[in-house]
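Every number here is computed from the coordinates shown, using simple stated rules; none is lab data. Only a predicted model underlies this, so the values are computations on that prediction, with no experimental measurement involved. A quick note on method: Cβ atoms are made from the backbone with ideal geometry, for glycine too, and the neighbour counts reach across all protein chains shown.
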Amino acid sequence: SKFAKLFMLHSHGTDSSGGVSIWITKTFLSQCTNHTWHECEVGRIACLQLSGPQGNMDIWTIYMSATDPQHRLQQIHLIRAHIRNVDRVLSVLAGDFNFTTHVNDRMCKQTGNHSPNNAESISWQAFSVNHRLHELEQEHPTHNGSITIAKLDRVYTSHHTCDFTSSP
């Protein structure tokens, strides 16, 4: 089976709050001498810490609260408290953040108006600058609700931006 080649780590939420997981190939995992699974918030935020001869890598899986802005701010602070120093580890953070970071990332379907930045986006921007995180750009919204469309699902990495440029 194709799943036999995969290793899954997961953190279950409740019946109403979902959960998070990371699926990784056993071949990739075998290149690491150590791996540790950290559940920072059960069912919401977890990190797979990898180390090996090629260095350290943290892969974060995130599902922030869909309904509570204060909870999302607490979740940002939780990630900030657990993320390792960018000089020692390559970090990848991916998931459903349930808030937008740019004014044009959410649009009301009826009016065409965009939402202003909120406390979560301001906190996240400060955090991402401090930890040298760069968003892997996606062009299209990931949420299509009854009232709005928005880019809520994102991926960030601490790769240096020079790594994203192509040579001529």
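Distance in nm between label sites at Val155 and Thr142, each 7 Å beyond Cα in the beta-carbon direction?
So the label points at Val155 and Thr142 sit 1.0 nm apart.
To the nearest 10 degrees, how steeply does helix 69-82 sit against the main Cα axis of the chain, on a 0 to 90 scale?
Helix 69-82 and the main axis of the chain meet at about 20 degrees.
Please list, by residue number, every one of the trypsin sites (Lys or Arg not before Pro) in the stretch 99-141 that is coil in DSSP and has at most 13 other beta-carbon atoms within 10 Å.
Those satisfying the criteria are Lys109.
With θ taken as phi - 60° and the coefficients 6.51, -1.76 and 1.60, list the Karplus ³J(HN,Hα) couplings across the stretch 43-51 in order, rounded to whole Hz; mark glycine and proline as x.
Here the 3J(HN,Hα) series is x, 10, 9, 9, 9, 9, 9, 10, 9 Hz.
Using a 7 Å offset from the Cα along the Cα-to-Cβ direction at both Val86 and Val103, what is the distance between the two label points in nm, to one decimal?
2.5 nm
Can you return the lysines within cross-link range of Lys109? Criterion is Cα-Cα under 23 Å, with same-chain partners fewer than 8 residues away left out.
Once the sequence-local lysines are set aside, what remains near Lys109 is Lys151.
Relative to the first principal axis of the alpha-carbon coordinates of the chain, what is the inclination of helix 119-130, with its axis defined by its Cα atoms, in degrees from 0 to 90 and to the nearest 10?
The helix 119-130 is inclined about 40 degrees to the chain.
List the residues, sorted by chain then number, that are 5 or more residues from Leu90 or on another chain and whose placed amide H is less than 5 Å from its amide H.
Here the answer is Asn56, Met57, Asp58, since their amide H atoms fall under 5 Å of that of Leu90.
With r as the distance between the Cβ atoms of Leu6 and His114 and R0 = 30 Å, compute the FRET efficiency 1/(1 + (r/R0)^6) and round to 0.05.
Result of the calculation: an efficiency of 0.15.
At most 14 other Cβ atoms within 10 Å plus a DSSP loop assignment makes a site exposed; report the longest stretch of the chain without any exposed GluC sites (Glu not before Pro).
With a cap of 14 other Cβ atoms within 10 Å, the longest stretch comes to 1-136.
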